[in-house]
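Chemist: Structure provided below as structure tokens; questions to follow.
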Amino acid sequence: MRQVLDRVPQGYGLLGRACNLTFAWVFCIAAALVLVAGAARAQPVTVVALGDSLTAGYGLAPEQGLVPQLQAWLVAHGNDVVIENAGVSGDTTAGGLARLDWALGPETQALIVTLGGNDMLRGLSPDEVRANLEAILTGADARGLPVLLVGMKAPTNYGPDYKAEFDAIYPELAAAHQALLVDDFFAGFVAAGADTADPASYAAWMQADGIHPNPEGVKLIVAQLGPRVQELLARVKP
């Protein structure tokens, strides 16, 4: 920059000084733009995890829950991200929809949806579950947020028709809204050798209630969920 300024003729009085000032201002503005761009890149991506007790970390120490373990996994794999825990124990899809607006702050850049487990446990209508989840995805679409939808699998004790209708909700909605999909929240257990037809095979990774994962179970879930969240981060607009 000094070399450029030196080339400006110095014998032209005010004109020479004006040129010097012009070059200086251009340099300062360019430097400021570089600093602003660098600061923008330095901001971590903010992802909201909207869910129920599985997201909230029910029965676990704060650092053992899904959100802390997922964030730690992502950071360890080189991602600059903050996962905000919007899990509420006992929540249904209707509850998640009701609090969607306040859960998605202005800083939110992506959304993970893990809801439907409590609807299923209560035997609520698959049509109702579908409508609520679709409304959540529509709300995210309106905000331009990429979404990862995490599915649940219904047990067989409600009958084959209920199971078929419930299980189809997640892949169909993900396709309709171009959302990423994890078909089964407990896919990590299956990858570790559990049998989906035998709930007893999940026991080693579950708390005593047989519903919520223990810390080792969460670790298995995160191992399967993490790569899909990385795909979600790749969809975040700069």
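Chemist: Among the residues of segment 205-238, which ones are among the charged types (D, E, K, R), within 19 Å of VAL75 (Cα to Cα) and out of contact with any helix residue (DSSP H, G or I) (no Cβ under 7 Å at 6 or more places or on another chain)?
Modeler: Result: ARG228, GLU231, ARG235.
Chemist: For segment 185-206, give me the residue count where each residue is open to solvent by less than 20 Å² (accessible area, probe 1.4 Å) and either assigned to a helix (DSSP H, G or I) or within 17 Å of VAL129 (Cα to Cα) (or both).
Modeler: Of all residues in segment 185-206, those open to solvent by less than 20 Å² (accessible area, probe 1.4 Å) come to 185, 188-189, 194.
From what is left, the residues that are either assigned to a helix (DSSP H, G or I) or within 17 Å of VAL129 (Cα to Cα) (or both) are 185, 188-189.
Summing the residues that are open to solvent by less than 20 Å² (accessible area, probe 1.4 Å) and either assigned to a helix (DSSP H, G or I) or within 17 Å of VAL129 (Cα to Cα) (or both) in segment 185-206 gives 3.
Chemist: Related question: Of the conditions (1) surrounded by 22 or more Cβ atoms within 10 Å (Cβ to Cβ); (2) farther than 24 Å from GLY144 by Cα; (3) in contact with a Phe, Trp or Tyr (Cβ under 9 Å, 6 or more places away or on another chain), ASP52 fails just one. Which one is it?
Modeler: The failed condition is (2).
Chemist: Taking segment 106-138 only, how many residues are open to solvent by less than 20 Å² (accessible area, probe 1.4 Å) and touching a residue at least 40 places away in the same chain (Cβ under 8 Å)?
Modeler: Taking segment 106-138 and keeping what is open to solvent by less than 20 Å² (accessible area, probe 1.4 Å), we get 108, 110-117, 119-120, 126, 129, 133, 136-137.
Still in the list and also touching a residue at least 40 places away in the same chain (Cβ under 8 Å): 108, 110-117, 120, 126, 129, 133, 136-137.
Total satisfying the criteria: 15.
Chemist: Also: Across segment 57-68, what is the number of residues that are open to solvent by 40 Å² or more (accessible area, probe 1.4 Å) and modelled with pLDDT of 95 or more? Show your work before the answer.
Modeler: Here is the first cut: in segment 57-68, the ones open to solvent by 40 Å² or more (accessible area, probe 1.4 Å) are 58-59, 62-64, 68.
Narrowing the set further to residues that are modelled with pLDDT of 95 or more leaves 58-59, 63-64, 68.
Looking only at that region, the number is 5.
The values are calculated or read from the model by the stated rules, or taken from the named source; none is laboratory data. Note that the structure is a prediction, hence the values are computed from the model and not measured. Positions of Cβ are backbone-derived with ideal geometry, glycine not excepted, and every protein chain shown enters the neighbour counts. Remember, those area values only see protein heavy atoms, side chains included, never the ligands or the DNA or RNA. Shrake-Rupley method; radii C 1.70, N 1.55, O 1.52, S 1.80 Å.
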